Amino acid sequence: MPQITVNPNLAEAPDFTLDIYAIARDAIVAYHNITAEAAVKHLKAAWTTDNDARKLAWEQQELADREELAQREQEDKDQHRNEELRPNEQNKTRELEKKKPKLLPNFRTADWDNFHDKLSLKLNEMAPLEEIPDKDTFTKTARGLTKTMQATIDEHIKLNKPCPHSKQWWNSDLGLKKRR
């Protein structure tokens, strides 16, 4: 049933004596062989009957809306109660991840010559680079390069837990140059 948007309890019967209702009024007068005043009464009775039906539909819609709202509120309460009683697994996982030290690649201690050699070997094993004709081929090639580089990093760069107070940009080469 379509949603009723205007409350029919607020509607007022039109004035069927106006000229805009003359065609309907005259048709009723001619069909039933009655006076214009009697035709106006027929039009008002028909409008009232229709409006009463609309009022009943409005009340049913209001009742259904209230029941639906009450059901949603109850479901929300039940869901909230269940979440309070049973700890959320995602929250537990997040808490555990926060407690774990986050290990990151330590690029400062990397043997870049060895890394370069290993990455070159892996890149040479890939399909030879050709002209990239379309976006899909470009995306596929970029993903392949990224995976190859990440695999090489994972294999040859040591992981460590960075100290929050360390200078991330400092490396042993800078230390040697500083000492000189």
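Residue by residue through region 27-47, note down the ones that are open to solvent by 90 Å² or more (accessible area, probe 1.4 Å) and either touching a residue at least 60 places away in the same chain (Cβ under 8 Å) or over 57 Å from the mean Cα position of the chain (by Cα) (or both). Quick ask: steps written out before the conclusion?
Just the residues of region 27-47 that are open to solvent by 90 Å² or more (accessible area, probe 1.4 Å), to begin with: 31-33, 37, 41-42, 44.
Scanning region 27-47 gives Y31, H32, N33, E37.
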Only one of D154, D173 is at pLDDT 85 or above, loosely packed, with under 12 Cβ neighbours inside 10 Å and assigned to a helix (DSSP H, G or I); which? D154
Counted residues, region 48-85 - those being touching a helix residue (DSSP H, G or I) at 6+ places or on another chain (Cβ under 9 Å), surrounded by 12 or more Cβ atoms within 10 Å (Cβ to Cβ) and not charged (D, E, K, R): 3
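Of the residues in region 71-121, how many are at pLDDT below 65 and not basic (K, R)?
5
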Show the residue pairs meeting these rules: Cβ distance below 8 Å; 6+ apart or different chains; first residue within region 101-119 and among the acidic types (D, E); second residue at pLDDT 75 or above and open to solvent by less than 90 Å² (accessible area, probe 1.4 Å). D111/H156
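Scanning for something more than 28 Å from P2 (Cα to Cα), aliphatic (A, V, I, L, M) and touching a residue at least 24 places away in the same chain (Cβ under 8 Å), does region 53-63 turn up at least one residue?
no
The values are calculated or read from the model by the stated rules, or taken from the named source; none is laboratory data. Treat the numbers as computed from the prediction; the structure is a model and nothing was measured. Here Cβ is always computed from backbone atoms with ideal geometry, including for glycine, and neighbour counts include all displayed protein chains. Just so you know, the surface numbers come from the protein's heavy atoms only, side chains and all, with ligands and any DNA or RNA stripped out. Shrake-Rupley method; radii C 1.70, N 1.55, O 1.52, S 1.80 Å.
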